[in-house]
Amino acid sequence: MHIHEEAARCLLCQDAPCTKACGKGDPARAVRAIRFDNEKIAAQWLRGCSEEDLARAEAACIHYDRPVRLREIAAALGDSPVKPANDDRGSGKTPSLAIDFVGIPCENPFFLASSAVCTNYEMVARAFDAGWGGVFYKTICLQEIKEVSPRFDAVGKPFIGFRNMEQLSENPPEMDFDILRRLKENYPSKVVIASIMGQSEEDWIQLAQRAEAAGCDAVELNFSCPQMRESGMGSDVGQDPELVTFFTAYVKRSVKIPVIPKMTPNIAHIAQPAMGAYFAGADAISAINTIKSVTLGEGSEVNGCQTGSGYSGRAIKPIALRHILAMVKNPMMKNIQYSGIGGIETWRDALEFIQLGCRNVQVCTAVMQYGYRIIDDLILGLQNYMAERGIDKVEALVGELLPKFYLPHDLDRTTVVFPKIDRDVCIGCGRCAISCADGGHQAIRFDADTRQPHILGAKCVGCHLCRLVCPTGAIGLSKRVSK
């Protein structure tokens, strides 16, 4: 049994019956840790659980086919040798996730993205209580917002991608600014950032000044929403470097708090409008917003009509990272900070944005699917990664991978890394041979009698398609050699 596959079957129930039935540990929390890439420390929630305890937990499991095999998961985990970085039993110092962003102290780099996950006081307060470091509150505008129904669609369960037709806050502006004021008053250590969108110079200035008057730490300029029903707003602005420059400059002149333009990915060269924001004095840049897309799933119609809208979720993370890299590596943009957005579910996802230069990350789709509780595994996972590497402060991770990025023509093309098969792990399914024959270089011979694949070195070019399709991880890397 592969524990990740079994954990993926868990429904992540609210008030989990399995934990209630167990009575000794917290099986639901252990499974959630595995789901969110913290299997190294998952065993701590099963310590003290007997076979009988876990049998009761399995019997209580709510599922549509069969219970999650908690006893087998526990056996596979064993008594994990890794101590949680913030475990009181550990003797070492807990790595600090505190980091400054545009001069604002943040207790951790995990923020709610401006979206449906932060539309009123009660929601944000619960997120802050759960441990989120800050919020980019749902975008406020002066226009009347009327939404469609239904307005969400998804690809896959769990979501691979998520289609969102929602626009901006439906609250009156005075209500939203009062919410922001109360949030900052009641949670002074949390970072409260107003996201705004105007349609004219006067709109942008008025909204920014009202955000500052409400006590917000900073203001985000939404130049990127892809589904606005009115022209001259959202990504219409973000695709025009001149408008990005002008509106950023207007806001910078009107307020003293940091100004953070939010870039659209619906453009070939994101660095062009980003440079406009940079030269207008932006303190940081948020990127990316959702990607214009079309989904045709059940429920995607609005009263018989279809339209394009924004796409988010795990599927867009590589695209988001590409846009971040394009801005960070731009030699003309120096000493500006970044807030990364796009497909972040686990601490590893967040880490990738941080290692490319982001000082915080914003999460939306994962919260919509799993709830604010994912902050536990975001924090624990990043802290344990830092502890394993001996890193005390998250600051040390910011931008650390940038020196490894080169242009394609600068990459080494004189050597090759051949795949290497671990016979003890290989189960003889032949998936590698099929993919290599039909999508690679016909470099794997499959012995039908022994059910063993064999690499044909004379044909293999080291593309590693076989390694990627192997379901058991039996194919690894050999040493790099000259061609």
request  = Go through the range 341-367 and give me each residue that's out of contact with any Gly (no Cβ under 9 Å at 6 or more places or on another chain) and farther than 26 Å from Lys329 by Cβ.
outcome  = Val367
note = Going through (1) part of a loop (DSSP other than H, G, I, E, B); (2) closer than 16 Å to Val244 by Cβ; (3) out of contact with any Pro (no Cβ under 6 Å at 6 or more places or on another chain) one by one, Tyr278 fails only at (1)
query = Restricting attention to the range 289-340, which residues are charged (D, E, K, R), under 23 Å from Asp236 (Cα atoms) and touching a residue at least 60 places away in the same chain (Cβ under 8 Å)?
reply = Lys292
message = Quick check on the range 126-149: of everything there that is open to solvent by less than 10 Å² (accessible area, probe 1.4 Å) and not in a loop (DSSP other than H, G, I, E, B), which residue is farthest from Leu97 (Cα to Cα)?
response = Ile140
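Specify the residue that is most open to solvent (accessible area, probe 1.4 Å); the eligible residues are those in the range 395-404 that are touching a residue at least 40 places away in the same chain (Cβ under 8 Å) and part of a helix (DSSP H, G or I).
So the first thing to find is which residues in the range 395-404 are touching a residue at least 40 places away in the same chain (Cβ under 8 Å), and the list is 395, 397-402.
With the extra rule that they be part of a helix (DSSP H, G or I), the set shrinks to 395, 397, 402.
Numbers: Glu395: 87, Leu397: 0, Leu402: 32 Å².
Looking at the filtered set, the residue picked out is Glu395.
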Check on Gly25, in contact with a Lys or Arg (Cβ under 6 Å, 6 or more places away or on another chain) and outside any helix (DSSP H, G or I) = no
ask   = What residue, among those in the range 256-285 that are touching an Asp or Glu at 6+ places or on another chain (Cβ under 9 Å) and charged (D, E, K, R), is surrounded by the most Cβ atoms within 10 Å (Cβ to Cβ)?
value = Lys262
key: Filtered residues of the range 461-483 (kept if part of a strand (DSSP E or B) and under 13 Å from Gly428 (Cα atoms))   = Ile475
task = List the number of the failed condition for Ile288; all other conditions in (1) touching a helix residue (DSSP H, G or I) at 6+ places or on another chain (Cβ under 7 Å); (2) modelled with pLDDT of 95 or more; (3) over 25 Å from Pro105 (Cβ atoms); (4) open to solvent by 10 Å² or more (accessible area, probe 1.4 Å) hold.
result = (4)
query = Looking at Arg253, Arg182, which is the one that is over 24 Å from the mean Cα position of the chain (by Cα), open to solvent by 10 Å² or more (accessible area, probe 1.4 Å) and touching a residue at least 60 places away in the same chain (Cβ under 8 Å)?
reply = Arg182
note = Filtering the range 123-157 down to residues that are within 23 Å of Ala315 (Cβ to Cβ) and small (Gly, Ala, Ser) yields Ala154, Gly156
inquiry  = What pairs come out if I take residues in the range 108-128 that are in contact (Cβ under 8 Å) with a residue 24 or more places away in the chain and of a type in the set (A, V, I, L, M, F, W, C) and pair them with residues that are open to solvent by 10 Å² or more (accessible area, probe 1.4 Å) and in a loop (DSSP other than H, G, I, E, B) whose C-beta lies under 6 Å away, six or more apart or interchain?
reply    = Ala113/Cys364; Ala116/Glu166; Val117/Cys364; Phe128/Tyr187; Phe128/Lys190
message = Every residue in the range 423-453 that is farther than 30 Å from Ile3 by Cβ and assigned to a strand (DSSP E or B), please.
response = Arg445, Asp447
request  = Filter the range 299-339 down to the residues that are more than 19 Å from Gln355 (Cβ to Cβ) and among the aliphatic types (A, V, I, L, M), then identify the one that is surrounded by the fewest Cβ atoms within 10 Å (Cβ to Cβ).
outcome  = Met332
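The values are calculated or read from the model by the stated rules, or taken from the named source; none is laboratory data. No experiment lies behind these values; they were computed from the predicted model shown. Note that each Cβ is placed from the backbone with ideal geometry, even for glycine, and that neighbours are counted across all protein chains shown. We work out accessible area using only protein heavy atoms, side chains counted, and drop any ligands, DNA or RNA first. Shrake-Rupley method; radii C 1.70, N 1.55, O 1.52, S 1.80 Å.
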